1. Return the long-range amide H neighbours of B:ARG142 (sequence gap of 5 or more, or a different chain), with a cut-off of under 5 Å between placed amide H atoms.
2. Considering amide H positions built from the backbone, and no H for Pro or chain starts, which residues 5 or more places from A:ARG124, or on another chain, come under 5 Å of its amide H?
3. Per residue, how large is the accessible surface of the protein assembly as shown? Use a 1.4 angstrom probe and give square angstrom.
4. What fraction of the DSSP beta bridges in the protein assembly as shown is antiparallel, stated in percent and rounded to the nearest 5?
5. From the Cα gyration tensor of segment A:89-207, with a ≥ b ≥ c the square roots of its eigenvalues, which class applies: rounded if a/c is under 1.5, or else prolate if a/b is larger than b/c, or else oblate?
6. If amide hydrogens are placed 1.01 Å from N in the peptide plane, which non-local residues have theirs closer than 5 Å to the one on A:ALA82?
7. Specify the longest stretch of chain A that does not include any exposed loop site, a site being one of the trypsin sites (Lys or Arg not before Pro) with a non-H, G, I, E, B DSSP assignment and at most 14 other Cβ atoms within 10 Å.
8. Treat every Asp and Glu Cβ in segment A:89-207 as -1 and every Lys and Arg Cβ as +1, leave all other atoms uncharged, and give the resulting dipole magnitude about the Cα centre to the nearest 20 debye.
Amino acid sequence: MPGVLNRKLLRELWQLKGQMLSIALVVATGIMTVITMRGSYDTLVEAQQNYYRDSRFADIWAPLKRAPDTLVSRIAALAGVAAVDTRVTFFATLDLEGLDAPAQGQFVSLPVNGRPVLNDIRIRSGRYLSGAGDEVLISENFAMARQLSPGDTLRAIINGRSRELDIVGIAISPEHTYAVPPGALYPDDERYGVLWMSRDVLGPAYDMDGAFNEVTLSLAVDANPRQVIAELNQLLDPYGGLGAYARENQPSHIILQAELDQNRIMGTAIPIVFLAVAAFLLNLVLSRLISTQRTEIAVLKAFGFRTDEVGWHYLMYALVAVAVGTLLGTLLGLLLGDAYIGMYGKYFDFPNLHYQLKPGLLLMATGISVFAATAGALTAVRRAVAMPPAEAMRPEPPARFRAGWLERMQIASLLPSSMRMILRNIQRKPIHSLLSSVGIAFSVAILVVGMFMLDGVVFMMEQQFSRIQREDLMLTFNESRDDAIYYDLRQLEGVTRVEMYRVVPARLRAGHRQREVSIQGMLPDGRLRRIVASSGETYPLPAQGLVISQRLAQKLDLTRGDSVAIEILEGRRVARHDLIVSGVVKDFMGLSVYMNQDALAQLVQGPKLASGAYLSVDADARAEINRHLKNLPAVAGVTSPAVMLENFESQLADSLYIGISFLVGFASVIAVGVIYNGARISLSERGRELASLRVMGFRRGETARLLLGEQAILTLLAIPLGWLIGYGLSYAVAASLQNDVYRVPFTISSRTYFLSALITLLAAVASALIVRHRVDQLDLIAVLKTRE
Amino acid sequence: MGEVTVHALRNVDIDLYAGELLVLLGASGSGKSTLLNILGGLDVASSGSLYYHDLCLHTLDSDGLTEYRRAHVGFVFQFYNLIPSLTARENVKLVTDIAKDPMPADEALQLVGLGDRLDHFPSQMSGGEQQRVAIARGVAKRPNVLLCDEPTGALDAQTGKLVLSVLDRVNRETGTTTAIITHNAAIGMLGDTVVHMSSGEIVERTVNSSRASIQDIEW
């Protein structure tokens, strides 16, 4: 390309810097979301896979009551088993200073000679166990939350006796990437930690000398997991087997996988929306921009420049904007990706978790932007170069207007002239106008989706912690207890209500489908826990039969009135029964199975026992009650819905609010990109018309209103359209956020609609103010002489 | 290269009288457009003073000049500058909407002989018709001063004559002080006063004893 053309390009780019920058920002936003979200997902998946491999993460877990070490050789002999490891694991209360609720620890045994065969831990600081005294390793997140480090001590109630433990190291484990206390939904690192101790110490303390209460397996490549689990269950049955489960049912893995799945969906869907919008904007803006250069193109062609030279020249406008946008987007994406991964690192305890950009991803994102820019520029350039030079150089005849729907509907005569001008301009370029409106609508839609997610999650959490979990404290017993403990709890000063609950592990089987679940035994007249649907309505507890989550019903292909086979996975042998599904409840957390407590006791054929209790307590007596609970050996853990909600909200403040402020930024970039460019291009197309009005005595405000009125109408039309698109996108997002751990409900609050419109309007006003400044500076004298 | 100060206008002293038709004659670059811009409140002289009755135009800021144009000045442009999205009637109405005591848009268009083209858009009219709409737009707000910048510059002779005859008639019938800029000396015969400009100065000022009729003009 000749040097002078390059100089023309540079000068004009500088003149159009505002427009070029706004286009580059839209491209940057698209590239940034790809690099941040999809890049984070890739990073997390790779970290997960490496971590699982390096730490020899097990394929199968099987908890049981107690089995002698001699059983190991028989387990190892099962077909398909590659490696076997056994251990002793218990929950116990931790005695920590300055906590309003007792803390809980999961104790897991480690071999003193060498490392575990499976589920190896990784030492983050300090050292591994030496086998001496009461040495303990603690999980990293717990250590950080409690500000504990090697050399500190910690008191725990182990099998009813308070013991002082010496912390020798801080560790992480793939089993506890996501450390959730039993019965809770979110990590509570202040009050829940994993503690590893020597098998030689933990075994005798829990009467497990020469025995174990959990076995883990890894499988051979060609193994059939279902068959191994079945045979293992059979083998463990005489030893109080509680039901083996595969990795896909391992609690930390389930949550991690759900998070990763969500990440993958968001990491794909959001960047696609952004890149699509960026592509669309590039196309729109560049084609209009180049249309205003009609005369220049004709002159170049008249001088003998070839069509491809002219085309390339104008394509460069697009490519410069894309290059600036890509550079900016990549830099921001890397920074954000790093921050995003840092945020995940707080919840997922991965070693070596560092954001890594795959060049292919960057290439793909850039490719899409370049393609969009090229397509946009080329359509306009092709239109411009197709015209014979002589015709293109002739002054353009007055823009063609003719009577349209405005006249046919007889509205025109009712409107002031200024409004007629605005409406006729829209009417004259219906496609451009529509596309601009769609562009602005995307800004509204993105805000609707972002805020809908907040609405959904907040609604879900409030339902969970205020409507469903109405107790002040939830106690978990270290083993099933009889009614005696009810009276102990009832007598505690400040306890106003005690409701016992029972949880029994079971397998539901319907045809070839099966699923391990916990059956929750409910009190028919319970007030602290009821069956609550996502709509907020309570569901009556039937005297017989099961009430199950809709999600579980779908998984097992069950409907109300169907019969389902149940295997109780507790006690000496597996008991099988057939029960009726009395109800299916649409809820949004977990895969729940509810049953009348008395009916459940009959089913298990044992004495009426409880796995824990829900308490209502006087607020003043909280501290005193906690002190008592800490000293009750039967109580393995205490959780408080209020504390859980607090935890959740602080996490929400971390992640969702940050995410939403970014969405606000993105939406503004899009709105400004469309509105500012639209107004600037209109100004260049209609500058002479507007300057004429100024000459004839129109005030600056009146003139600006004529120009900006068009953008205002397009923005107003965009809002309902954006709500509609946002509604559709939210529906799709809600559908993708349905997993076994949680189901985000599809509700969009009126606040979301209001705010999405407001933010877009503010961006529109900001764009208008910038352009208005240009209207004020129209050259009034030039208009008398020159034609465009 | 040092900066060179170029005076667009020098030693200009001119009076416009109510109701008169003034023709400003001069070649390209003679300063006639600059003079018109200053008279019309589009530009301010770097020195000197200009009064519209008692209003000192040289002291007004940009908003003050806008109000002056809005209340007192009508413009006719060389290239018409009609609003393409408005019909003939609406183009006129656009201006009468912001005027204090305008004539009805239809009447203004009758005055320029376009009573039958009221609902046509600019793209549906010839150049002469468009310029007559522009004249109707210029006079409809009953301005005290009508400034016309090469009103026939883009038209052929026949159409140009028609447009001039309209300007002549409007001046006679409404008594609007009218200034026409042109480089066409023949048009000078139409005016009460003819001012010749060259190199930014008024070189000659002629007062015609009687205004010629359009039919007598040859160009």
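The values are calculated or read from the model by the stated rules, or taken from the named source; none is laboratory data. What you are looking at is a predicted structure, and each value in this text was computed from that prediction instead of being measured. Reconstructed Cβ throughout: ideal geometry from the backbone, glycine too, with neighbour counts over all protein chains shown. All accessible areas refer to the heavy atoms of the entire protein, side chains included, with ligands and DNA or RNA removed. Shrake-Rupley method; radii C 1.70, N 1.55, O 1.52, S 1.80 Å.
1. Sorted by chain and number, the residues that satisfy this are B:MET103.
2. The list, which skips near neighbours in sequence, is A:ILE170, A:ALA171, A:ILE172.
3. Accessible surface, normalised per residue, equals 42 Å².
4. Expressed as a percentage, antiparallel bridges in the protein assembly as shown total about 70.
5. It comes out rounded by the Cα gyration axes.
6. Distant-sequence amide H within range of A:ALA82: A:SER218, A:LEU219, A:ALA220.
7. A:574-786
8. Value, rounded to 20: 280 debye.
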